[in-house]
Each structure stands twice: as C-alpha cells, then as structure tokens.
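The next block holds one structure in the form of structure tokens; read it before the comments.
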Amino acid sequence: MTAVVLICGAAGALSMLALWLRQLRTANATSVDVAWSLLIAGFAVVYGLAADGDPARRALACGLAALWALRLGAHLFFDRVRPGHPEDGRYRALREHWGVAAPRGFLLLYLAQAVVALLFSLPILAAAQGGPLDGWAALGVAVWICAVAGEALADRQLASFRADPRARGEVCRTGLWRWSRHPNYFFEWLHWFAYVAIGRGAPLTWIGPPLMLLFLFRVSGIPWTEAQALRTRGENYRRYQSTTSVFLPWPPREEPLS
C-alpha cells in the first residue's frame, strides 16, 4: 500500500499545481478549498479499490469518506467557487499581505494542501484495512450520520441567513449558530471519529481528530475565519464572540452590559 499512497500523493500534487496555474490567470485561489476535499474523495476511492481489507469494510470506510468529501466539495463549489463568485476574503487578505510574492506563496499553499489531503486520507485507509465488519462499524456509521447531518445543517442555515438582504453586516445567530460560532467546523471534526470506530481504534485512525483540531484552531480554520468576520462585521461580531462558544455547541451566555 505504500506505493499506492505515494502515487496518490504525486497525483494530488500535480492536480494542485494545475489549479495553481489556473489561479495565476484568474487571481482567485478559492479553488484550493474545493480541491482539498475532492482529493480526499479521490484517495478514498483508490483505497477502496486497492486496500487489503475485507471488501465490505473497504466499501464502508472508503464509501463514507468519499460521500463526506463530495458533499463538502459540492457545498464549497456552489458557495464560494462557481463562476461569478469573488475570491474568498481570506485569500484576498493573503494576496494583499504577500504582495509581489503572492504567486510563490499560493504555490506553497496549494502544494501544502495536497500534503494535508494525503495525511487526512491515512485514517480512511487504516479503517478500510482489516477483517469483517462488527459492532464498532455500526457505531462509526452512527457517528458519521450525526456529523455529516450536523455539518450539512449548519451550512444550510448559514446559506439561508446570507441569502437574506437584511443580513448584510449582521451575524448569523440562528439554529446551530446560536450555540457555536463554528458548528460546521465542530461537526467536521466529529466526523473523523467515525473512522476511529470503524477501524476499531487502529493507531493511524487516530490521526484524524487531533490533526483536524490542529488545523481548525491553529492553521487554516477558525483564526482566518474570525479575523475575516471581524474585518467585515466589526462590533457585531465582537458581541457574538462574547456570548457564543467558539467551537463546542453550548448554550449562549448573556451579552455583557455595555
């Protein structure tokens, strides 16, 4: 399987290189978000065909991973990337910060995302290897359904809020967004525990949850998103921060008196 993983990594790097060349022409790097999730879907399909595990186990682990990644990729495409959408504010800010070094900076960003996608594919591969399915697999499916349904609901609630012209400059506080500032991220993190359960706690399956938490809190998730929200919503978002859990869904606090 090492050769298969290396081939997937090379294919992922070439795909990201092609998209980087495209963004040189379009000056829009938002495609990197969609490409990341679609790479994971592609890796999952390859592992489902080539892994050494029981066929039903391969089909379950890799099929669930591919479905999750395709749903996320489709949502990101229609929400951020399809023709007519401007570049995501996070990448506009990076482009301005890097200035003339932006092409090199985005090249490193695209290639890094290929490496990250490959890392995130390893728990899927680990869950796909092994003997016949058992009760742990059923638990994994239950976690997957809860996580993907929650993530899809959070995405839909935010999209509905943004579609309302009256919401311009406001902060979404409806549904799951009343309980967490990033419910979509929370459920995306929760999703990785599905492969821990399906893989019966195999060491590589445990890469997913802490790695996702690291990226959400320290690399490309919450810090960038909150900085962009503060730039565009200012005091409204600061009040939201003061009352609402950053990640874990939790009852909101009372807004402090001004």
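Laboratory data are not the source of any read-out in this text; all were calculated from the coordinates shown. Treat the numbers as computed from the prediction; the structure is a model and nothing was measured. Glycine also receives a Cβ, built like all others from the backbone with ideal geometry; neighbour counts cover every protein chain displayed.
Taking label points 7 Å from Cα along the Cα-to-Cβ direction, L14 and A152 give a separation of 3.4 nm.
Would you calculate the separation in nanometres between label points at T2 and V219, each defined as 7 Å from the Cα along the Cα-to-beta-carbon direction? Going by the 7 Å Cα→Cβ label model, 2.3 nm.
Is the shape of the range 139-178 best called rounded, prolate or oblate, per the rule: a/c under 1.5 gives rounded, else a/b larger than b/c gives prolate, else oblate, with a ≥ b ≥ c the square roots of the Cα gyration tensor eigenvalues?
It comes out prolate by the Cα gyration axes.
Only helices enter the 222 nm calculation for the chain: every DSSP H run of n ≥ 4 contributes -39,500 (n - 2.57), and dividing by all residues gives -22500 deg cm²/dmol, rounded to 500. Compactness check for the chain: Cα Rg over 2.2 N^0.38 Å is 1.05.
Shape class for the range 202-258: oblate, because the ratio a/c of the largest to smallest gyration tensor axis (alpha-carbon atoms, square roots of eigenvalues) is 1.5 or more and b/c is at least a/b.
Shape annotation for the range 134-258: C-alpha extents along the principal axes are 53, 27, 25 Å, from largest to smallest. Residues within the reach of a label modelled at R231 (point 7 angstrom out along Cα to beta-carbon, backbone nitrogen below 11 Å), restricted to the range 97-136, are 97-98. Segment A167..R82, full-extension length gain: 28.4 nm, with 0.36 nm per residue of separation and the alpha-carbon distance subtracted.
Using all pairs of distinct alpha-carbon atoms, the Kirkwood hydrodynamic radius of the range 1-87 works out to 14.0 angstrom.
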